[in-house]
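Colleague: Please find one structure pasted underneath; my questions will follow.
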Amino acid sequence: MNFMSKLFENRRNELEEEIQTHLQMAIQERVNRGESVAQARIAAMREFGNVPLVKEVTRETWGWLRLEHLGQDLRFALRQMRKSPGFTISAIATLALGLGATMAIFTVVDSVLWRPLAYPHPDWILEVSSMYEGGPDYRVIRAAQFRYLQERSHSFESLALNDPVPSSVNLSGGSEPEQVATAFVSADFFRVLGVAPAIGRAFTSEEDRPGGTCAVVLTDGLWRTRYQSDHSIIRKQIAINGESCNVVGVLPSEFRFHLNTKMFMPARIAQVPNDLGHYYMLLARLKPGVTLDQARSELGTLFSRFKVTHGNLVDDGEVGFQAGRYQDAVLGDARPALWALFGATSLLLLIACVNVAHLQISRAAARTKEMAVRAALGAGRLRLARQLITESILLALAGAMCGLPMAVIGVPLLLHLSPSGLPRATDISVNLNVIAFAIALSAFTVTVFGAAQAMFASRVDVNLALKAGSYRQTPYAVGRLWRDLLIGTEVALSLILLTGALLLMRSFVGLERVAPGFDSRNVLTFKMSIPPRYSTTSRSWAFERDILARLDALPGIDAAASATSLPLEAGPDMPGILLAQSPPAAINPAYRPVSPKYFHVLGIPLIRGRSFMDSDTPNSLPVAIINASLARQAFQDRDPIGQKLQLGSGLGTEYADAPRVIVGIVGDVRETALDTPAGITVFIPRAQIPETLTPLMNRVLPMSWAVRSRTPPAQLIGAIRQAILRVDAQQPAADVRTMEQTMSAAVSRQRFTLVLMTIFAILAVVMAAVGIYGVVSYHMRQRERELGIRLALGALPGSLIRRVTMLETRPIAAGLLAGTVASLVLARMIRSLLFETSPNDPVSLAASAVALGLLAWLGCYLPARRVSLLDPLQILREE
């Protein structure tokens, strides 16, 4: 800037010298002709013309005048900002708050929803699964169907399977064993994703066959933390579930799959005649030039052929294959909440813009005389508008520069508050997209503020403004219509946010009041990956029984239990039939093998019959316990106790189970989520799991454990770990947490949305109240002379307050009405986020309108009351 100023100064000096030289020559020529010096100067000046105009025209020919004017505008704008620190700080803080919050949420939305997956051509990666008519979307496929598609499809470059649920294995050989989340995948898995290991290689087809060599590919994080970035690890073996496995590769540091997956192992899928029980997730990469619609069309044809040739491998209700973008599958159900939060921050930014527009327009009104003087001196409307837009640019840039650090700080806070299941959480970071978004928002605010100021500045009546005798006589430059429109808009936007927050709050309160069906107090839970050496039911149950006995013997523990999965966790279903009915009725209940003390540990009430006992062994009568929902739906007026059911029906001889006698009925438990009604559930003793099912369940699902304590559960963690290691020194306990933490995690997504929406709503309401107070206060200062005269003529302060307040609350009432209508429409967009709460809930809407209306009315009442307390004689004397 100093260099440019010096350059401009030198050129101006040169131009001044040239003009003076020309005038001196003209004067000297006239003097030589006999004119006096004074007459010669006057004649030369008249002949030369307007010197300032010549300078201006000449500078325009240089092409630098715009830069010079820009420098002048910037310097003047900075002086104006320093001259009004209150206005400057308020405007920048409001902008920074709105921009910072919006950029922070935009960072999450951009990283999770919009940014492509970190694979080559991610749009070519599809998730293929079976499709069921009117049934749930399981998003799985069987191995036989995978082989069929692999051999016959022409739309895909490669296909690969992986387990639908991330498994875990025990990694030993270090200071202590560690349970590591592991994905079992087929040989072409990394080819489908388009990723090659940074060190070593991927799996071979020989390693992916049953009985093949044990191989493992490590993620970069596990390689660095457990193996200290040892490049020679490729030539070594590591102990996994007691088996020596070759490390064949290490993945790149930027590779991401599931949130906690640290290792990959070959799936080694066996070819079985009846494949109805083996389900996997299928990923496929499209061939170049093949579209998604073409792939779907071919999948439809292939399913029809598969059904003809392999009809026994088609489930009831299975109607075809479906395919969708893998990125959409990764997002799951996170999209509605993120869009709701992004919409909320957008409304918050609009409120911030309206607030700053209030400040700008009020300030423009205060500068009416300044603009009139500049217009009288020759400044055109374009020149005045350019100056005001320059000031807006500085404010917007300052707001963006303060808002960007707030976004950088806010993103880690958002990640800390975010639920553990938020997809792609590790990809969330501030990047160039966020910076570009900040620039775009700044440009938007510049347009809003600059246009508003320029519009009002261009309407200044120069004669009237210059005739005004004082500040209080300065014409009120802000039109009443525009001021009311801004107030109404601010109220309407705030009401939308506040209503959304109250709807989520009522929904969250209702969710926390839901009876889960169990007692979570003083219950500690943990997971355990069961290695293949316990692949039979007898060995697995003997191992569990030893651990349960040691846990029961620990001081402070009341009882211990094991289960395939605990409440509020994903667990398996199992098709079956009720043998008591004719013909047998088909059911598909949640399948929960549990140990004898499971119901006591979790406080699940026994309604009728008996619980499981130690005498329920593989050699005793097969028994089952059902929940109340199944008893009501299936048996109605009949007594379920003593009736029989058979699980695994339709899955073939591999998973055939003997008929079981129902010996008890327990209360309903929310098995999957608090906002999901309790379904039908069948419990069986863990000692009676079919032998063919035990290896599959141990590989796919980590065993869950629960202990009820008489002391704070956290004090027992060390003793529990030691008790387990005494039974098996290679068996770690993982994911240790209380059942209350599980309950909290079950509502973490709703809590995350609620907390952020509430924060945004509070900020919006505060900004609206402060903005209304500021605008009305300024308006009252403008009307002090008028109101002082009214008081001097006998108007009562109370009636004056009522009159003024009534006038100022009209736009508030209009804003409340518009906001109510908008809330009724927009609340439907968050219907999927609500639990047992209507989007048109009248309580939430009425409470929001009343609360916001009172705050807005207070913002009008306080300035009116302040003016009513003024001394009217003092006001008149000042005039």
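The values are calculated or read from the model by the stated rules, or taken from the named source; none is laboratory data. Bear in mind the structure is a predicted one, so any value in this text is a computation, not a measurement. Note that each Cβ is placed from the backbone with ideal geometry, even for glycine, and that neighbours are counted across all protein chains shown. To get the accessible areas, we keep the full protein, side chains included, count just its heavy atoms, and leave off ligands, DNA and RNA. Shrake-Rupley method; radii C 1.70, N 1.55, O 1.52, S 1.80 Å.
Colleague: Using only alpha carbons, build the gyration tensor for region 394-441 and give me the equivalent ellipsoid semi-axes, biggest first, whole Å.
Modeller: Result for region 394-441: semi-axes of 25, 12, 7 Å.
Colleague: State the percent of C-alpha pairs, over all pairs in region 99-238, separated by a distance greater than 21 angstrom.
Modeller: 60 percent
Colleague: Give the residues of region 185-214 whose amide nitrogen is closer than 20 Å to a point set 7 Å from the Cα of residue 232 in the direction of its Cβ.
Modeller: The answer is 199-201.
Colleague: Can you give the Rg to Rh ratio for region 77-116, taking only C-alpha atoms and Rh from Kirkwood?
Modeller: Rg/Rh for region 77-116 comes to 1.31.
Colleague: Another question, then. With r as the distance between the Cβ atoms of residue 243 and residue 614 and R0 = 35 Å, compute the FRET efficiency 1/(1 + (r/R0)^6) and round to 0.05.
Modeller: Plugging the Cβ-Cβ distance into 1/(1 + (r/R0)^6) gives 0.60.
Colleague: Evaluate the charge dipole of region 117-207 about its Cα centre and quote only its size in Debye, nearest 20, assuming +1 on the Cβ of each Lys and Arg and -1 on the Cβ of each Asp and Glu.
Modeller: The calculation lands at about 180 debye.
Colleague: Let me ask you something else. Using the eigenvalues of the Cα gyration tensor, what equivalent ellipsoid semi-axes result for region 644-726 when each is taken as the square root of five times the eigenvalue, whole Å, largest first?
Modeller: The equivalent ellipsoid of region 644-726 has semi-axes of 30, 20, 13 Å.
Colleague: Placing one identical point scatterer on every Cα of region 520-660 and ignoring solvent, what is log10 I(q)/I(0) from the Debye formula at q = 0.12 Å⁻¹?
Modeller: With no solvent term, the Cα-only Debye profile gives -0.57.
Colleague: Quick one: which of 586-594, 182-190, 287-295, 148-156 comes out on top by average Cβ neighbours within 10 Å, and what's the full order, highest first?
Modeller: Answer by packing, highest mean first, reads 182-190, 586-594, 148-156, 287-295.
Colleague: Going 7 Å from the Cα of residue 260 along its beta-carbon direction, which residues of region 492-534 have the amide nitrogen within less than 11 Å of the resulting point?
Modeller: Once the point is set 7 Å along Cα→Cβ of residue 260, 526-529 turn out to lie under 11 Å by backbone N, inside region 492-534.
Colleague: Efficiency by 1/(1 + (r/R0)^6): what FRET value for residue 656 and residue 339, r their Cβ-Cβ distance, R0 = 56 Å, to the nearest 0.05?
Modeller: Computed FRET efficiency for residue 656 and residue 339 comes out at 0.75.
Colleague: While we're on this one: Could the peptides 762-768, 40-46, 194-200 be put in order, highest first, of the mean number of other beta-carbon atoms found within 10 Å of their residues?
Modeller: Descending mean neighbour count gives 762-768, 194-200, 40-46.
Colleague: Would you calculate the separation in nanometres between label points at residue 509 and residue 444, each defined as 7 Å from the Cα along the Cα-to-beta-carbon direction?
Modeller: 3.3 nm
Colleague: Over the alpha-carbon set of region 161-309, divide Rg by the Kirkwood Rh and report the Rg/Rh ratio to two decimals.
Modeller: A ratio of 1.02.
Colleague: Something else: Once the other residues with Cβ under 13 Å from the Cβ of residue 126 are scored (Lys, Arg +1; Asp, Glu -1), what is the net sum?
Modeller: Residues near residue 126 contribute -1 overall.
Colleague: For region 224-268, what are the per-bin percents of Cα-Cα distances with bins 5 Å wide, up to the bin holding the maximum?
Modeller: Spelled out per bin, shortest first, that is 5, 15, 28, 29, 18, 5, 0.
Colleague: Oh, and also: Please work out how much length the chain gains when fully extended from residue 831 to residue 417, using 0.36 nm per residue of separation minus the C-alpha to C-alpha distance, in nm with one decimal.
Modeller: Roughly 146.8 nm would be gained on extension.
Colleague: Please give the length that would be gained between residue 553 and residue 740 if that part of the chain were fully extended, namely 0.36 nm times their separation in residues minus their C-alpha to C-alpha distance (nm, one decimal).
Modeller: Full extension from residue 553 to residue 740 adds 65.0 nm.
Colleague: Now, a different point. Principal axis extents for region 668-783, Cα atoms only, whole Å, descending order, please.
Modeller: Taking max minus min along each principal axis of the Cα atoms, region 668-783 gives 88, 36, 27 Å.
Colleague: What is the spread of the Cα atoms of region 315-364 along each of their three principal axes, largest first, in whole Å?
Modeller: Sorted from largest, the Cα extents of region 315-364 read 72, 17, 14 Å.
Colleague: Taking 25 °C and 0.890 mPa s as the conditions, I'd like the Stokes-Einstein D for region 516-557 in µm²/s, using the Kirkwood hydrodynamic radius from alpha carbon pairs.
Modeller: Translational diffusion coefficient: 196 µm²/s.
Colleague: Report the Cα centroid-to-centroid distance between region 310-344 and region 233-271 in angstrom, as an integer.
Modeller: So the separation of the two Cα centres works out to 28 Å.
Colleague: Points 7 angstrom from Cα along the Cβ direction at residue 676 and residue 717: gap in nanometres?
Modeller: With each label point 7 Å from Cα toward Cβ, the separation is 2.8 nm.
Colleague: How much length, in nm to one decimal, is gained on full extension between residue 727 and residue 114, taken as 0.36 nm per residue of separation minus their Cα-Cα distance?
Modeller: Fully extending the segment from residue 727 to residue 114 adds 215.8 nm.
Colleague: Taking only protein heavy atoms into account and a 1.4 Å probe, give the accessible area per residue of region 168-272 in Å².
Modeller: Each residue of region 168-272 exposes 44 Å² on average to a 1.4 Å probe.
Colleague: So if R0 is 25 Å, what FRET efficiency would residue 533 and residue 225 give, r being the distance between their Cβ atoms, rounded to the nearest 0.05?
Modeller: FRET efficiency, residue 533 to residue 225: 0.40.
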